[in-house]
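Visitor: This is the structure I have questions about; it appears just below.
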Amino acid sequence: MKKSLFCILIISILLSCTNISNHIPAAIEPIPSQQQIEWQKLETYAFIHFGLNTYNDLEWGYGNTPASTFNPTNLDCEQWVATLKQCGMKGVILTAKHHDGFCLWQTKTTDYSIANSPYKNGNGDMVKELSDACKKHGLKFGLYLSPWDRNNAEYGREDYVETYHKQIDELTSNYGELFEFWFDGANGGNGYYGGTNESRSIDARKYYDYERARDTILKRHPDAMIFGGTCQTIRWVGNEQGWAGDTDWCMINPGLSDNTKHLNHGSENGTHWIPAEVDVSIRPGWFYHKREDHQVKSLAHLTDIYYRSVGHNANLLLNFPISLDGKIPALDSLRAMEWHDVINNDFKENLLKDAKIKVDNERGNKFKAENVTDDNWDTYWATEDDYNFGTISFTFDKPVKMNRVVLQEYIPLGQRVKDFYMEGELDGKWFKINAFDTLSTIGYKRIVRFNTVELDKLIIYFEESRGPLCINNIEAYCAPILLTEPTIFRNYENIVTIESSDKDAEVYYTIDGTKPDENSLRYEKPFTYNNKGVVKAIAYDPISKKTSDVAMKELDLPKEYYKTSSNSRIFDGNTNSVIYLNIDEPIIITFNEKQNISGFRYTPNQARDASGHIVDYELYVDGKLIMKSSFGNIKNNPIEQVVKFESIKGKEVKFIPKSNTDNAKNCCIAEFSVIAD
Ligand code: FUL
């Protein structure tokens, strides 16, 4: 080859290489703002619901409970912030005003505020106290200001809109940097409205002038996200249960923002980048109610929420109700810290760190496949133009076990991946990895969960994408088995089911009263148990050899032993299927033969906000009054009530409700059974 020709060839090869390696994939619109990217990186932050509702045992105050009832005795914002930091929260949003209109700060706009409460003799300011604590401890701070105001006499008219904007003005001027401003969607309806006690309706899209609110907020807090209203930069996910769709696009079409499915999943063809925020409370209610002390979400439930929010490309806004003394209740903070430990332990050692990586397409050295494991968010593996798909594999020196894969797209260039799946290879044999969710979108973050598999090669097939792939991070983990005590229940057909929160856990049980261990009966499927007795069960991790606490269920004589005219719903082991009785309307159970009767169990309705729990009752055996008593704290703590007495021989048990909580018309019963020796 002539020297000049050779030079041209070398130069053109070099040029084309340079060209490829420096050519950033074209962005696919819409793309996020820098602020939205930074917000997405927060992943978890906290909500605080606190106010007059707390002191009046309400969720939606009507706007008429006196300001003087707001009376925290031991309020400690530093305790909130310290707790929230310890459970990994990056920020906190406070309900400065809820629908009842009560303002937690020193406002000039209304008398219905903390200034007219006994707290610090009217000199307290919750917004200031919490924002100061956040500054001190390095948490971001945000505010919730309900547009609906059930106290204000002018609500529904022009005057209130001015008041509302003055409130936004005060809150954005006086309390330092805000990372998020929250407008909820509940609007209009009945209320106190200055004593008129009427119903007022407004057109939320027009009435509040959200454009003006946005201008005020962003003028002073250019980095703040806006939730709700007509100028939102992040979206409600469409439910308050703690999950985003497994398909979750950051994009939506704002016109459709009331459609639940659209909010859950976003839209591949959405015109605006408005990512999802999952708001959910650690208890059934947003505000504190003593009666929900036993309903703090379980470790397993909270962990699932994490995977179905952060793991589904959404941020998690986890609510902590403040109790009457002004603190996050110990139960809730302990549970949240345990939860944070579980999450930390699930992502302890990235198995892909030293794996050998291979891809079928690469855009050039700058976009090489190794970028997915370099711990640098800003570098990514990209495929060439027209390669809207690709395959990446990770080969290990020796077999590894895994049950989680984390994937991230480089979202500054838009969200792309539409469909992917994963396979493993062990000793030359291929198998599909069966994820718990449908694998479709990735976005900022996608965490895939599956039962533990052993493999010496992991391969991920990106089947379809809106453009060339831009993947900036992939990790894999072997999360320890979540060892929470199993739940045991027996249905009306005497079938006992034992459920463990982690599908990888082995479950062992006993029916002879002894403590179960890994040598006890292994639970494989539901079994029949048609006698009285006790079932005890544990979840067991065969790798660490650790066990959960022991779960225990005492089972009373089943239906074969008696006749009754009461509905089977109270004998079916399901605490959400209930019956209603009038006061004095009895449950009568007539045994086929005489029994040594020594007590009974009554489980009140476990549904949220259930009312009509039995308080006073009488119990007769063969017509003789055995117990005339009441369930002491049942309103506040509506858990299973077990009453025992000296055993008495008899055939017929008659239980009569005499009064109930809330002076409800009917008494509600979820489960009932008679204890016999
Ligand atoms: C909703 C409100 O109605 C609830 O009370 C709660 O504040 C929740 C976070 O937002 O729209």
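Visitor: Being over 26 Å from the mean Cα position of the chain (by Cα) and at pLDDT below 95: is that true of Arg205 here?
Guide: Values: over 26 Å from the mean Cα position of the chain (by Cα): yes; at pLDDT below 95: yes.
Taking the combined requirement at face value, the residue satisfies it.
Visitor: Do we find that Gln606 is modelled with pLDDT of 95 or more and polar (S, T, N, Q) in this structure?
Guide: Working: modelled with pLDDT of 95 or more: no; polar (S, T, N, Q): yes.
Answer is no for this residue.
Visitor: Moving on to the next point. Going by the conditions given, is Ser146 hydroxyl-bearing (Ser, Thr, Tyr) and within 16 Å of the ligand (Cβ to nearest atom)? Spell out the reasoning first.
Guide: Values: hydroxyl-bearing (Ser, Thr, Tyr): yes; within 16 Å of the ligand (Cβ to nearest atom): yes.
The answer is yes for Ser146.
Visitor: A further question follows. Let me confirm something: among Ala186, Ala153, Ala213, Ala204, which residue is surrounded by 22 or more Cβ atoms within 10 Å (Cβ to Cβ) and hydrophobic (A, V, I, L, M, F, W, C)? Even if it seems obvious, please write down each step before you answer.
Guide: Numbers: Ala186 fails: surrounded by 22 or more Cβ atoms within 10 Å (Cβ to Cβ); Ala153 fails: surrounded by 22 or more Cβ atoms within 10 Å (Cβ to Cβ); Ala204 fails: surrounded by 22 or more Cβ atoms within 10 Å (Cβ to Cβ).
Unique residue meeting the criteria: Ala213.
Visitor: I'd like the residue in the range 448-469 that is out of contact with any Ser or Thr (no Cβ under 6 Å at 6 or more places or on another chain) and among the β-branched types (Val, Ile, Thr) and, out of all such residues, is nearest to Ile343 (Cα to Cα). Let's see the steps before the verdict.
Guide: The first filter runs over the range 448-469 and keeps only residues out of contact with any Ser or Thr (no Cβ under 6 Å at 6 or more places or on another chain), leaving 448-456, 458, 460, 462-467.
Those still in the list that are among the β-branched types (Val, Ile, Thr) too: 448, 452-453, 460.
Details: Val448: 14, Thr452: 17, Val453: 20, Ile460: 24 Å.
If we take residues in the range 448-469 being out of contact with any Ser or Thr (no Cβ under 6 Å at 6 or more places or on another chain) and among the β-branched types (Val, Ile, Thr), then Val448 is nearest to Ile343 (Cα to Cα).
Visitor: Exactly one of these conditions fails for Tyr62: (1) of a type in the set (Ser, Thr, Tyr); (2) within 16 Å of the ligand (Cβ to nearest atom); (3) more than 18 Å from Asn152 (Cα to Cα); (4) assigned to a loop (DSSP other than H, G, I, E, B). Give me its number.
Guide: Unmet condition: (3).
Visitor: I've got another one for you. Name every residue in the range 644-672 that is of a type in the set (Ser, Thr, Tyr) and crowded, with 20+ Cβ neighbours inside 10 Å, in order of residue number.
Guide: At the first step, the residues of the range 644-672 found to be of a type in the set (Ser, Thr, Tyr) are 647, 659, 661.
Residue satisfying the conditions is Thr661 alone.
Visitor: What are the residue pairs meeting all of these: first residue in the range 54-68, first residue acidic (Asp, Glu), second residue part of a loop (DSSP other than H, G, I, E, B) and crowded, with 16+ Cβ neighbours inside 10 Å, Cβ atoms under 6 Å, and 6 or more apart or on different chains?
Guide: Final answer for the pair search is Asp57/His289; Glu59/Gly285; Glu59/Phe287.
Visitor: On to the next question. Can you tell me which of Gly194, Gly138, Gly185 is small (Gly, Ala, Ser) and more than 26 Å from the chain's Cα centre (by Cα)? Even if it seems obvious, please write down each step before you answer.
Guide: Numbers: Gly138 fails: more than 26 Å from the chain's Cα centre (by Cα); Gly185 fails: more than 26 Å from the chain's Cα centre (by Cα).
From the options Gly194, Gly138, Gly185, the qualifying one is Gly194.
Visitor: Run down Lys515, Lys525, Lys503 and say which single residue is touching a residue at least 40 places away in the same chain (Cβ under 8 Å), part of a loop (DSSP other than H, G, I, E, B) and surrounded by fewer than 17 Cβ atoms within 10 Å (Cβ to Cβ).
Guide: Details: Lys515 fails: touching a residue at least 40 places away in the same chain (Cβ under 8 Å); Lys525 fails: touching a residue at least 40 places away in the same chain (Cβ under 8 Å).
Exactly one residue qualifies, and that residue is Lys503.
Visitor: Out of Ile328, Ile305, which single residue is within 16 Å of the ligand (Cβ to nearest atom) and surrounded by 16 or more Cβ atoms within 10 Å (Cβ to Cβ)? Working first, answer last.
Guide: On the way: Ile328 fails: within 16 Å of the ligand (Cβ to nearest atom).
Matching residue, one of Ile328, Ile305: Ile305.
Visitor: A further question follows. Pull out all pairs, ordered by first then second residue, where Cβ-Cβ is under 6 Å, the residues are six or more apart or on different chains, the first lies in the range 563-588 and is assigned to a strand (DSSP E or B), and the second is of a type in the set (Lys, Arg).
Guide: That search, which allows pairs on different chains as well, returns Ile579/Arg569; Ile588/Lys654.
Visitor: I'd like to check something: does the range 412-426 contain any residue that is touching a residue at least 60 places away in the same chain (Cβ under 8 Å), in contact with a Gly (Cβ under 7 Å, 6 or more places away or on another chain) and not in a loop (DSSP other than H, G, I, E, B)? Can you show your working first?
Guide: Kept after step one, since they are touching a residue at least 60 places away in the same chain (Cβ under 8 Å), are these residues of the range 412-426: 412-416, 418.
Remaining after also requiring in contact with a Gly (Cβ under 7 Å, 6 or more places away or on another chain): 415-416.
From the residues that got through so far, the ones that are not in a loop (DSSP other than H, G, I, E, B) too are none.
Looking for residues that are touching a residue at least 60 places away in the same chain (Cβ under 8 Å), in contact with a Gly (Cβ under 7 Å, 6 or more places away or on another chain) and not in a loop (DSSP other than H, G, I, E, B), one finds none in the range 412-426, hence no.
Visitor: For residues that are among the β-branched types (Val, Ile, Thr) and modelled with pLDDT of 95 or more, scanning just the range 656-670, find the one that is nearest to Glu640 (Cα to Cα).
Guide: First, the residues of the range 656-670 that are among the β-branched types (Val, Ile, Thr): 656, 661, 669.
Filter once more, keeping what is modelled with pLDDT of 95 or more: 656, 669.
On the way: Ile656: 17, Ile669: 11 Å.
Selected residue: Ile669.
Visitor: When the residues of the range 165-183 are narrowed to those that are more than 16 Å from the ligand (Cβ to nearest atom) and within 21 Å of Leu52 (Cβ to Cβ), which ends up surrounded by the fewest Cβ atoms within 10 Å (Cβ to Cβ)? Steps first, answer last, please.
Guide: To start, the set of residues in the range 165-183 that are more than 16 Å from the ligand (Cβ to nearest atom) comprises 165-179.
Going one step further and asking which of them are within 21 Å of Leu52 (Cβ to Cβ), we end up with 166-168, 170-171, 175.
On the way: Lys166: 14, Gln167: 24, Ile168: 21, Glu170: 19, Leu171: 25, Tyr175: 21.
Selected residue: Lys166.
Visitor: Here's something else I'd like to know. Hey, any hits in the range 267-276 for a residue that's buried (at least 22 other Cβ atoms within 10 Å of the Cβ), closer than 15 Å to Thr441 by Cβ and either within 16 Å of the ligand (Cβ to nearest atom) or within 19 Å of the chain's Cα centre (by Cα) (or both)?
Guide: For the range 267-276, residues buried (at least 22 other Cβ atoms within 10 Å of the Cβ), closer than 15 Å to Thr441 by Cβ and either within 16 Å of the ligand (Cβ to nearest atom) or within 19 Å of the chain's Cα centre (by Cα) (or both): present.
Visitor: Let me ask another. Tell me the residue from Thr110, Thr95 that is at pLDDT 95 or above, more than 15 Å from the ligand (Cβ to nearest atom) and under 25 Å from Gly195 (Cα atoms), please.
Guide: Only one candidate qualifies: Thr110.
Visitor: So in the range 230-266, with the set limited to residues that are within 16 Å of the ligand (Cβ to nearest atom) and surrounded by fewer than 16 Cβ atoms within 10 Å (Cβ to Cβ), which one is nearest to the chain's Cα centre (by Cα)?
Guide: Gln241
Visitor: May I ask you to verify whether Asn567 is surrounded by fewer than 16 Cβ atoms within 10 Å (Cβ to Cβ) and not hydrophobic (A, V, I, L, M, F, W, C)?
Guide: On the way: surrounded by fewer than 16 Cβ atoms within 10 Å (Cβ to Cβ): yes; not hydrophobic (A, V, I, L, M, F, W, C): yes.
Yes; evaluated as a whole, the condition is true for this residue.
Visitor: In this structure, does Pro30 turn out to be at pLDDT 95 or above, in contact with a Ser or Thr (Cβ under 7 Å, 6 or more places away or on another chain) and either closer than 30 Å to Gln408 by Cα or surrounded by fewer than 16 Cβ atoms within 10 Å (Cβ to Cβ) (or both)?
Guide: Working: at pLDDT 95 or above: yes; in contact with a Ser or Thr (Cβ under 7 Å, 6 or more places away or on another chain): yes; either closer than 30 Å to Gln408 by Cα or surrounded by fewer than 16 Cβ atoms within 10 Å (Cβ to Cβ) (or both): yes.
Against the criterion (at pLDDT 95 or above, in contact with a Ser or Thr (Cβ under 7 Å, 6 or more places away or on another chain) and either closer than 30 Å to Gln408 by Cα or surrounded by fewer than 16 Cβ atoms within 10 Å (Cβ to Cβ) (or both)), Pro30 qualifies.
Visitor: Of all the helices (runs of 4 or more DSSP H) wholly in the range 188-283, which have at least 1 residues that are in contact with a Cys (Cβ under 8 Å, 6 or more places away or on another chain)? Don't jump to the end; show me each part of the working.
Guide: Values: elements: 204-207, 210-220, 260-265.
Because the criterion is at least 1 residues that are in contact with a Cys (Cβ under 8 Å, 6 or more places away or on another chain), the helices (runs of 4 or more DSSP H) in the range 188-283 that meet it are 210-220.
Visitor: I would also like to ask the following. Could you please find all residues in the range 185-208 being closer than 23 Å to Ala67 by Cα and either within 15 Å of the ligand (Cβ to nearest atom) or among the β-branched types (Val, Ile, Thr) (or both)?
Guide: Selection gives Ala186, Asn187, Gly188, Gly189, Asn190, Gly191, Thr196.
Visitor: Quick check: anything in the range 41-56 on the phi > 0 side of the Ramachandran plot and either in a helix (DSSP H, G or I) or modelled with pLDDT of 95 or more (or both)?
Guide: yes
Visitor: Counting only residues that are over 27 Å from the mean Cα position of the chain (by Cα) and buried (at least 22 other Cβ atoms within 10 Å of the Cβ), how many does the range 447-470 have?
Guide: Count: 8.
Visitor: What are the residues in the range 544-562 that are in contact with an Asp or Glu (Cβ under 8 Å, 6 or more places away or on another chain), in a loop (DSSP other than H, G, I, E, B) and surrounded by 19 or more Cβ atoms within 10 Å (Cβ to Cβ), if any?
Guide: If the condition is that a residue be in contact with an Asp or Glu (Cβ under 8 Å, 6 or more places away or on another chain), in a loop (DSSP other than H, G, I, E, B) and surrounded by 19 or more Cβ atoms within 10 Å (Cβ to Cβ), then Ser548 is the only one that fits.
Visitor: Among Lys368, Lys358, Lys348, Lys327, which is the only one that is closer than 15 Å to Tyr477 by Cα and touching a residue at least 12 places away in the same chain (Cβ under 8 Å)?
Guide: Values: Lys368 fails: closer than 15 Å to Tyr477 by Cα; Lys358 fails: closer than 15 Å to Tyr477 by Cα; Lys327 fails: closer than 15 Å to Tyr477 by Cα.
Of the residues listed, the single one that is closer than 15 Å to Tyr477 by Cα and touching a residue at least 12 places away in the same chain (Cβ under 8 Å) is Lys348.
Visitor: Between Asp437, Asp427, which is modelled with pLDDT under 95 and surrounded by fewer than 20 Cβ atoms within 10 Å (Cβ to Cβ)? Before the answer, list the steps.
Guide: On the way: Asp427 fails: modelled with pLDDT under 95.
Testing whether each residue is modelled with pLDDT under 95 and surrounded by fewer than 20 Cβ atoms within 10 Å (Cβ to Cβ) leaves just Asp437.
Visitor: Among the residues of the range 318-374, count how many are closer than 30 Å to Tyr55 by Cα and small (Gly, Ala, Ser).
Guide: Filtering the range 318-374 for residues closer than 30 Å to Tyr55 by Cα gives 318-340.
Subsequent filtering for residues that are small (Gly, Ala, Ser) retains 323, 326, 330, 333, 336.
Adding up the residues that qualify gives 5.
The values are calculated or read from the model by the stated rules, or taken from the named source; none is laboratory data. This one's a predicted model, so the numbers in the text were calculated from it and none came from an experiment. Counting neighbours? That spans all protein chains shown, and the Cβs are built from the backbone with ideal geometry, glycine included.
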